[in-house]
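We did not get these values from a lab; they are worked out from the coordinates using the rules stated. Keep in mind it's a predicted model, so treat the numbers as computed, not measured. Heads up, the Cβs are rebuilt from the backbone with ideal geometry, glycines too, and the neighbour counts pull from every protein chain shown.
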Amino acid sequence: MTTKNIRNFSIIAHIDHGKSTLADRLIEYTGTLSSREMEAQVLDQMDLERERGITIKAQAVRLDYIAQDGETYMLNLIDTPGHVDFTYEVSRSLAACEGALLVVDAAQGIEAQTLANVYLALENNLEIIPVINKIDLPSADPEKVKQEIEEVIGLDTSDAVLASAKTGIGIAGILEAIVKKVPPPKGAIDEPLSALIFDSHFDAYKGVIAYVRVMNGRIKPGMKLKMMATDKKFEVTEVGIFKPSLATIAELGTGQVGFVAGSIKNVKDVRVGDTITDAEHPAAAALPGYRKINPMVYCGLYPVDSADYDNLKDALEKLQLNDAALLFEPETSIALGFGFRCGFLGLLHMDVIQERLEREYNLSLITTAPSVIYRVYRTDGHMLEIDNPSKLPPPTEIDHIDEPYVKATVIVPNEFVGAVMELSQEKRGEFKDMKYLDTTRVMITYHLPLSEIIYDYFDRLKSSTRGYASLDYELTGYHTSSLVKLDILLNGDPVDALSVIVHRDKAAYRGRQLAEKLKSIIPKQMFEIPIQAAVGNKVIARETVRAMRKDVLAKCYGGDISRKRKLLEKQKEGKKRMKQVGSVEIPQEAFMAILKID
Ligand code: GTP
């Protein structure tokens, strides 16, 4: 097939506006899978994704479509991850396309993620086709949404497709629009090979599989290829397309989307955004936009039972086979013993990994509160990057500390503007801008420390706006802040895993809140437990967990045995997530308590 009949496109949308449902309809309509073969939402393959109802990893599928002009077109749909943690992956998936369907919920209108994704698509010069979805809903107002798209994004909506991914309205129109409006790929088959990697996965039989878009040249089995950023070479054993399962073909030509398998063992060698070229006749330059991804959020993961350390290590290694963004290294905590410091792209990424470790690998874990990376400038002129609060040098050795900031965009109905501003101010935010999207909704921009976002900004934003606010943010850089380490002492001993870095002005307040919270979380034990919060040598708050008076079994003295067993079971259940720290037993929630105060 010549490139003339190829169309490469993505679907961009805010969470829940119907991206996956629409992808399913397109797959069904083009007969790529019969409805019998079609499992619900084929593009979201991981169980966790299905459960949480969000798309985490990008996937791709090739649709063969006979258009109204009678010609057969090869449509490559590249799905994009629907979460702010994966913005870079989204941008690379978009770079593999010439066009994008912009799906907007007809009842909701533009949300924060809609804008973030549109800007990424515009940066990549994509042809954007607006699709107003969910027009079957009684509350749908397609005209209003069209107007919003015109005014806020500046896109012409006269040709916007009105659709319902649920009932199938508009699906034919969307396919025709893709054929007519999205330009065919450029590039030349006789140029040296350059192919963009937009995703990868590890297959137990084939090794690492790179998902690519061929920009110039072709890829065939037997060729010797090279990845330009990592300089890794490999021989191609297989190429193919996504139907959506992998289907082997003879060669991938210019403009096509597919997979490449070869002698590649490590996903870290196949980096999203890197360029694959011919090892013997390399392209003159790599494709633009490559960036090495770095984790933004770190936390400690410790097995509740220290005998599980090796199992945790094995599990992390297995997960890393498929996830180049997951970092981990051994860490020792005085309180928690041997575990790992793990780095994630963001909070969702962190939650997903933790859940998989517990669910798929049956591990019981203690997780410490997430931390951002602080840049600590020491008085001797050296700079340290600190991802663990307990590693902060003593105050006398610190000249100043910089922390990461983000530009946060919040979209809310008018009546919640006050609530958003109050919350953002409290979170040390600096107001930047406010713009009316229409007469009822407002877009507010703030500069905020990332650490405040990962605490509880989003949860509190949702609860103070009755769930109406949508949030998107991007890292903007580092700024100096007046930060101190807040330590927690239990029974007089500092517990390193409970230390947090906080703003100096908030240390006293947070210290008091944290001590109170810990008092409510730490169960009574046989002796009294003083809880102290301290900055340096100065104790700023103190609470006491009183000693236990009664034995749990006391009240079933003489009672029946099954009741006694039940109580003991219950106690054991509660113990599962307890960690013995010195003489005190601390439950898992204690390590997350900092996230739950304010
Ligand atoms: P992420 O995977 O998180 O990015 O979400 P998504 O954009 O893929 O949304 P998804 O397709 O999962 O749809 C979200 C919800 O909206 C689901 O409950 C769908 O059934 C529903 N939905 C999707 N399209 C339509 C539609 O046209 N009409 C109606 N009434 N509901 C729809």
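The table for this structure:
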item: Quarter of the Cα convex hull surface for the range 262-306, i.e. its orientation-mean projected area (nm²); result: 5.9 nm²
item: Where N is the number of residues in the chain, Cα Rg divided by 2.2 N^0.38 Å; result: 1.08
item: For the range 208-254 versus the range 351-429, the gap between their alpha-carbon centres in whole angstrom; result: 39 Å
item: Acute angle (nearest 10 degrees) that the helix 19-29 long axis makes with the longest principal axis of the chain, alpha-carbon atoms; result: 30 degrees
item: Dipole axis of the chain (+1 Lys, Arg; -1 Asp, Glu on Cβ), positive-most option in Met548, Val260, Gly207; result: Met548
item: Within the chain, helix-based [θ] at 222 nm, where runs of 4 or more DSSP H residues each add -39,500 (n - 2.57), nearest 500; result: -7000 deg cm²/dmol
item: Linear extension gain, Ala188 paired with Lys206, 0.36 nm per residue minus alpha-carbon span; result: 3.6 nm
item: Size of electric dipole in the range 341-381: Cβ of Lys, Arg +1 and of Asp, Glu -1, about Cα centre, debye, nearest 20; result: 180 debye
item: Karplus-derived HN-Hα couplings along the range 188-203 (A = 6.51, B = -1.76, C = 1.60, θ = phi - 60°), whole Hz, x at Gly and Pro; result: 9, 5, 8, 7, x, 4, 9, 9, 8, 7, 10, 5, 7, 8, 9, 10
item: Positive-end extreme of charge dipole, the chain - chosen from Leu102, Val539, Thr248 (charges on Cβ); result: Val539
item: Net charge of Cβ neighbours under 14 Å - reference Gly217; Lys, Arg +1; Asp, Glu -1; result: +1
item: Using alpha-carbon coordinates, inclination of helix 171-181 to the longest axis of the chain, degrees; result: 70 degrees
item: Å³ per residue enclosed by the Cα convex hull of the range 233-313; result: 180 Å³
item: Burial order of peptide ranges 189-198, 427-436 (average beta-carbon count within 10 Å, highest first); result: 189-198, 427-436
item: Of Thr167, Leu196, Phe86, farthest towards positive along the dipole that unit charges on Lys, Arg, Asp, Glu beta carbons give the chain; result: Phe86
item: Relative contact order (percent, whole number), the chain, Cα cutoff 8 Å, 6+ residue spacing; result: 10 percent
item: Exceeding the 32 Å Cα-Cα cut-off - candidates Lys220/Lys268; Lys186/Lys233; Lys292/Lys407; Lys232/Lys579; result: Lys232/Lys579
item: Distance cut-off 25 Å, percentage of C-alpha pairs in the range 285-425 lying past it; result: 45 percent
item: Student exercise, the range 138-253 dipole from Lys, Arg, Asp, Glu Cβ charges, in Debye to nearest 20; result: 600 debye
item: Charge dipole magnitude, Cβ of K and R +1, D and E -1 - the chain, Cα centre, debye nearest 20; result: 1900 debye
item: Nearest 10 degrees, 0 to 90: helix 561-575 Cα axis against the chain principal axis; result: 70 degrees
